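I have placed the structure first, in the form of structure tokens, so that the comments after it can refer back to it.
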Amino acid sequence: MRSGRVSVLIPAFNAERYLREAIESALAQTHPPFELIVLDDGSSDGTAEAARAFGKSVRYRRQEHEGVGAARNHCVELARGDHLAFLDADDRWDPRKLERQLEAMRSDSRPDIVLSHVRQFVSPDLPAVKAARIRCPPTSQPGYLPGAMLVS
């Protein structure tokens with residue numbers, strides 16, 4: 001049986017505006033993360049303060065700006081959990097995401113990667129003219145992106 005120790009990995013670049021919501025959604029999981037790492041990719045805004053506001057609930061690290069791929073890789077190097085879950089700093093998770101994905105990991109087929117569905121939304125910060133041009137599907141869709149993935 002695989003353990004449920006999940007490392008939540010958040011690469012962040014100038015993410016002050018949304019990072020708190022992303023962290024809160026990870027900490028509100030019905031299966032709480034084993035650890036939550038925010039890797040600041042050289043931000044020049046209040047990303048550091050937003051992450052540090054969560055105290056010991058978040059492990060914060062900073063690197064010079066190298067891009068999201070390098071930031072994700074650095075997060076993986078820092079992780080101590082048995083599973084890795086990636087969360088973009090401007091996204092939010094459904095509260096049961098990790099619970100449901102761990103259930104799938106423990107199934108008879110024992111996959112190494114489990115993807116979830118995603119629900120897209122338009123940021124309320126966008127001006128109405130720009131928001132009106134964006135079409136989001138009304139239902140959840142298969143998520144073929146790092147934020148929808150749990151990896152063993």
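Would you mind telling me the antiparallel percentage of the DSSP bridges in the chain, rounded to 5? Provide the component values of the computation, followed by the final result.
Working: 7 of 22 bridges.
Roughly 30 percent of the DSSP beta bridges within the chain come out antiparallel.
Quick one: Cα convex hull volume of the range 45-152, Å³ per residue? Don't jump to the answer; show the numbers that get you there.
Details: hull volume 16.3 nm³, N = 108.
Roughly 151 Å³ of hull volume per residue.
For every helix of n ≥ 4 consecutive DSSP H residues, a contribution of -39,500 (n - 2.57) applies; sum these over the chain, divide by its total residues, and give [θ] at 222 nm rounded to the nearest 500 deg cm²/dmol.
Details: 5 runs with 43 residues, N = 152.
Per the formula, -8000 deg cm²/dmol.
So how much slack lies between Leu145 and Glu99, counting 0.36 nm per residue of separation and subtracting their Cα-Cα distance, in nm? Can you show the working numbers first?
Values: separation 46, 0.36 × 46 = 16.56 nm, distance 1.86 nm.
Separation in residues times 0.36 nm, less the Cα-Cα distance, equals 14.7 nm.
So, R0 is 22 Å and r is the distance between the beta-carbons of Ser123 and Asn73; what FRET efficiency does that work out to, to 0.05?
Working: r = 27 Å, r/R0 = 1.24.
Working from the Cβ atoms, E equals 0.20.
Would you work out what percent of the accessible area of the range 31-115, with all protein chains in place, is carbon or sulfur (probe 1.4 Å)? Intermediate values should be presented prior to the final figure.
Working: 2120 of 4550 Å².
Solvent-exposed carbon and sulfur of the range 31-115 make up 47 percent of the total.
Keeping all protein chains in place, calculate the accessible area per residue for the range 103-152 (probe 1.4 angstrom), answer in Å².
On the way: 3690 Å² over 50 residues.
Ligands and nucleic acids excluded, the result is 74 Å² per residue.
Can you tell me the order of 3-13, 102-112 when each peptide is scored by its average per-residue count of other Cβ atoms within 10 angstrom, highest first? Walk me through the numbers before you get to the answer.
On the way: 3-13: 22.2, 102-112: 12.2.
The most tightly packed comes first, giving 3-13, 102-112.
Would you list Glu77, Glu99 from the most to the least accessible area, probe 1.4 Å?
On the way: Glu77 145, Glu99 50 Å².
Largest to smallest exposure gives the sequence Glu77, Glu99.
Grab the beta carbon distance between Ala131 and Asp90, set R0 = 22 Å, and tell me the FRET efficiency rounded to 0.05. Display every interim value, and only then the final one.
Working: r = 15 Å, r/R0 = 0.70.
Working from the Cβ atoms, E equals 0.90.
The values are calculated or read from the model by the stated rules, or taken from the named source; none is laboratory data. These figures come from a predicted structure and were not determined experimentally. Every residue, glycine among them, receives a Cβ derived from its backbone with ideal geometry; neighbour counts consider all protein chains shown. Just so you know, the surface numbers come from the protein's heavy atoms only, side chains and all, with ligands and any DNA or RNA stripped out. Shrake-Rupley method; radii C 1.70, N 1.55, O 1.52, S 1.80 Å.
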